[in-house]
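Shown next, in structure tokens, is the structure this report addresses.
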Amino acid sequence: MRAMVLRRAGERLAIEDWSDPVPGPGQIRIRVEACGVCRTDLHVVDGDLTDPKLPVVPGHEIVGRIEAAGQGVAVAPGARVGVPWLGHTCGHCPYCRSGQENLCDAPLFTGYTRDGGFATHAVADAVYAFPLPDDLDPVAAAPLLCAGLIGWRSLKAAGEGETIGLYGFGAAAHIIAQVCRWQGRRVFAFTRRGDAAGQAFARSMGADWAGGSDETPPAPLDAAILFAPVGALVPAALAAVRKGGRVVCGGIHMSDIPAFPYRLLWEERSVVSVANLTRADGEEFLALAPRVPVRTTTTIYPLDRANEALDDLRAGRLEGAAVLAP
Ligand SMILES: [Zn+2]
Ligand SMILES: [Zn+2]
């Protein structure tokens with residue numbers, strides 16, 4: 001197989017030829033049709049997330065077809081599946097036993113602690129892969145597998161409020177804005193200050209209002225979801241939510257949160273984080289997405305241009321999501 005490989009954090013990915021991975025018991029080998037590029041891939045490549053498997057193939061928004069199966073897996077070769085960030089859980093720690101497998105004590109994460117989908121082939125645990133229909137477009141579907149799933153978990157954590165603020169209007173927000181509108185909620189989108197193109201994109205995805213993250217929205221928010229990895233947005237979002245409102249941090253890594261006056265948290269406002277996903281989140285969201293229907297905006301890169309995709313994501317040059325197509 002061909003893969004874009006990270007040998008050391010902070011380095012560029014390099015294209016390498018590896019022998020095709022052999023699926024172990026309970027595993028499947030997938031021929032990758034498309035793999036989304038997520039901000040978490042940037043955090044792995046840049047070394048913000050410590051202790052990756054090295055060398056590692058990043059990528060955890062994999063759409064592909066089953067090519068081979070290991071012992072004990074009964075699946076049809078050729079069936080299409082999606083492989084998310086949560087690659088494996090132990091099944092017996094207190095979190096796994098209480099329906100919180102996203103917090104498992106001994107998990108494996110695709111494209112971080114096991115090889116992912118920036119490659120022509122990938123291996124996954126069959127029971128953590130989601131069946132996907134034959135008639136979907138693999139490039140359009142890839143961003144659903146993290147931006148969509150984590151966005152959905154974040155939206156559930158935000159609660160039932162009518163007015164939702166989305167800070168950082170990238171892959172996750174452009175999906176979740178569509179879900180919010182379908183649910184009858186109002187979306188206020190916050191982008192980098194002066195990002196007129198990003199704000200226009202947010203309005204085209206259904207945002208009622210779009211402005212800079214330093215601006216005051218036209219009405220107080222019931223909840224805010226932070227997809228941008230910027231700690232300074234936590235006090236900004238707290239200032240924008242109503243009494244009892246919630247601020248949900250949807251990213252896996254964020255710069256430090258600056259000190260802020262207690263009055264921003266007072267009146268039962270809360271700050272929570274969302275970690276990883278459960279398979280139930282995935283099943284829910286993948287059933288819901290075609291009903292909305294969610295339409296993703298994507299930019300396609302060939303596999304060997306993964307570094308350019310990461311650069312464009314880092315620089316905020318993307319509208320929607322970057323997707324590698326090997
Ligand atoms: Zn566990
Ligand atoms: Zn991700």
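The values are calculated or read from the model by the stated rules, or taken from the named source; none is laboratory data. Predicted model, so just to flag it, every value in this text is computed and none were measured. Here the Cβ is made from the backbone with ideal geometry for all residues, glycine too, and neighbour counts use every protein chain on show.
Within the range 74-119, the set of residues being in contact with a helix residue (DSSP H, G or I) (Cβ under 7 Å, 6 or more places away or on another chain), more than 16 Å from ligand 1 (Cβ to nearest atom) and not in a strand (DSSP E or B) comprises 75, 84, 111, 112, 118.
Contact map, the range 12-35: first residue farther than 21 Å from residue 108 by Cβ and without any contact (Cβ under 8 Å) to a residue 40 or more places away in the chain, second residue charged (D, E, K, R) and not in a strand (DSSP E or B), Cβ cut-off under 8 Å, separation 6 or more or different chains; pairs are 14/7. Yes or no: the range 261-273 includes at least one residue that is within 16 Å of ligand 2 (Cβ to nearest atom), under 27 Å from residue 133 (Cα atoms), modelled with pLDDT of 95 or more and touching a strand residue (DSSP E or B) at 6+ places or on another chain (Cβ under 9 Å). Checking the range 261-273: not a single residue is within 16 Å of ligand 2 (Cβ to nearest atom), under 27 Å from residue 133 (Cα atoms), modelled with pLDDT of 95 or more and touching a strand residue (DSSP E or B) at 6+ places or on another chain (Cβ under 9 Å). I'd like the residue in the range 86-102 that is farther than 30 Å from residue 7 by Cβ and of a type in the set (A, V, I, L, M, F, W, C) and, out of all such residues, is farthest from ligand 2 (Cβ to nearest atom). If we take residues in the range 86-102 being farther than 30 Å from residue 7 by Cβ and of a type in the set (A, V, I, L, M, F, W, C), then 93 is farthest from ligand 2 (Cβ to nearest atom). Taking residues in the range 247-260 that are at pLDDT below 95, and partners anywhere that are of a type in the set (Asp, Glu) and assigned to a loop (DSSP other than H, G, I, E, B), the pairs with Cβ atoms closer than 9 Å and at least 6 places apart or on different chains are 252/48; 253/48. Considering only the range 299-306, I want to know if a residue exists there that is touching a Ser or Thr at 6+ places or on another chain (Cβ under 9 Å) and touching a residue at least 12 places away in the same chain (Cβ under 8 Å). There is at least one residue in the range 299-306 that is touching a Ser or Thr at 6+ places or on another chain (Cβ under 9 Å) and touching a residue at least 12 places away in the same chain (Cβ under 8 Å). Of all residues in the range 153-198, count the ones that are surrounded by fewer than 16 Cβ atoms within 10 Å (Cβ to Cβ) and at positive phi. Final tally of qualifying residues: 3. Selection over the range 1-46 of residues that are crowded, with 18+ Cβ neighbours inside 10 Å and of a type in the set (S, T, N, Q) gives a count of 2. Where strands (runs of 3 or more DSSP E) fall wholly inside the range 154-246, the ranges with 3 or more residues that are touching a Gly at 6+ places or on another chain (Cβ under 7 Å) and modelled with pLDDT of 95 or more are 186-191, 221-226.
Can you tell me which residue within the range 211-233, out of those that are of a type in the set (A, V, I, L, M) and either surrounded by fewer than 22 Cβ atoms within 10 Å (Cβ to Cβ) or not assigned by TED's automatic domain parsing to the domain that holds residue 156 (or both), is farthest from the chain's Cα centre (by Cα)? Residue satisfying both the conditions and the ranking: 219.
From the list 56, 63, 127, the lone residue that is over 18 Å from the mean Cα position of the chain (by Cα), over 12 Å from residue 29 (Cβ atoms) and within 16 Å of ligand 2 (Cβ to nearest atom) is 56.
Determine if the range 21-35 includes at least one residue that is over 22 Å from the mean Cα position of the chain (by Cα), away from ligand 2 (no atom under 15 Å from the Cβ) and of a type in the set (A, V, I, L, M). Within the range 21-35 (the criterion being over 22 Å from the mean Cα position of the chain (by Cα), away from ligand 2 (no atom under 15 Å from the Cβ) and of a type in the set (A, V, I, L, M)), the answer is yes, since at least one residue qualifies.
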